[in-house]
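Just below is one structure, and these are the notes that go with it.
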């Protein structure tokens with residue numbers, strides 16, 4: 001199978017010669033032009049011959065002029081809908097277009113994207129979340145403006161030749177998980193906007209990255225997506241076998257992203273073999289549960305790639 005055939009078969013539940021496999025790391029590209037960010041991604045993908053080009057998205061959403069963080073409810077009223085090609089998004093679109101031109105049609109290209117709440121938190125700082133949760137009217141104004149911008153960006157992604165989006169959310173994290181929220185907070189400030197973004201992504205493969213630990217999958221199992229990505233090896237999260245009992249959709253994970261740099265090669269192989277033992281090779285993408293540390297050594301990455309090709313049943 002070629003890479004696209006393998007990817008599409010995994011997503012759609014068809015037979016695969018082996019599970020699609022990839023690892024992703026940050027390349028510190030937020031100060032670089034999109035073309036250079038694309039070059040770094042392409043070099044990484046070719047070096048290890050990954051089955052997918054999973055693209056990091058390091059360009060941050062802009063805050064209103066003169067704003068460094070959220071300090072009052074009135075700050076949130078300053079947010080307005082922006083173009084889906086604002087400068088930071090435009091650079092990411094350059095990354096996608098350059099990679100598509102470089103790799104051609106065979107390579108599945110997957111963008112990374114954060115939910116509307118995280119779009120502002122990753123620029124304003126997560127400490128300001130309390131201002132959002134405590135001021136519903138102003139917060140919904142802000143989140144609606146960001147969501148409209150994000151949905152327009154999704155249309156631009158499709159035109160750029162992107163095959164899918166790994167859509168990262170924190171909304172399924174329940175207390176006592178870090179940044180965990182209660183059900184009412186999730187239903188008010190997170191879920192409605194997630195669903196709008198998922199709808200805008202239709203036509204691409206939607207990979208819901210259920211980020212964090214102590215995740216409550218019941219919150220998101222009805223999201224209109226094709227793939228669930230979970231840190232299944234981390235404490236407080238469901239295993240792949242438990243996830244399979246919850247959904248028949250394609251699963252993405254199997255490798256502990258926190259321990260991958262320090263593992264022996266036999267440990268890496270055993271972990272990947274265990275993932276297949278839990279759920280089989282169909283409807284599975286073998287990856288770390290989240291971003292791997294950039295210091296993950298070459299011999300580990302090569303072992304991951306080589307092992308994936310041996311997992312044929």
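Observations
- Selection status of residue 153, at negative phi, outside any helix (DSSP H, G or I) and buried (at least 17 other Cβ atoms within 10 Å of the Cβ): no
- Those residues of region 277-305 which are under 12 Å from residue 20 (Cα atoms), in contact with a strand residue (DSSP E or B) (Cβ under 9 Å, 6 or more places away or on another chain) and part of a loop (DSSP other than H, G, I, E, B), in sequence order: 282, 283
- In the set (1) buried (at least 22 other Cβ atoms within 10 Å of the Cβ); (2) at pLDDT below 95, residue 96 fails one condition alone, (2).
- Residue among 196, 179 that is touching a residue at least 40 places away in the same chain (Cβ under 8 Å), surrounded by fewer than 23 Cβ atoms within 10 Å (Cβ to Cβ) and under 17 Å from the mean Cα position of the chain (by Cα): 196
- Test: residue in region 53-65 that is in a loop (DSSP other than H, G, I, E, B), on the phi > 0 side of the Ramachandran plot and either in contact with a helix residue (DSSP H, G or I) (Cβ under 9 Å, 6 or more places away or on another chain) or surrounded by 22 or more Cβ atoms within 10 Å (Cβ to Cβ) (or both): no
- Summed over region 157-176, residues that are closer than 17 Å to residue 214 by Cα and buried (at least 17 other Cβ atoms within 10 Å of the Cβ) total 7.
- Of the residues 43, 69, the single one that is surrounded by fewer than 17 Cβ atoms within 10 Å (Cβ to Cβ), assigned to a helix (DSSP H, G or I) and at pLDDT 95 or above is 43.
The values are calculated or read from the model by the stated rules, or taken from the named source; none is laboratory data. In this text, all values refer to a predicted model and were calculated from it rather than measured experimentally. Every residue, glycine among them, receives a Cβ derived from its backbone with ideal geometry; neighbour counts consider all protein chains shown.
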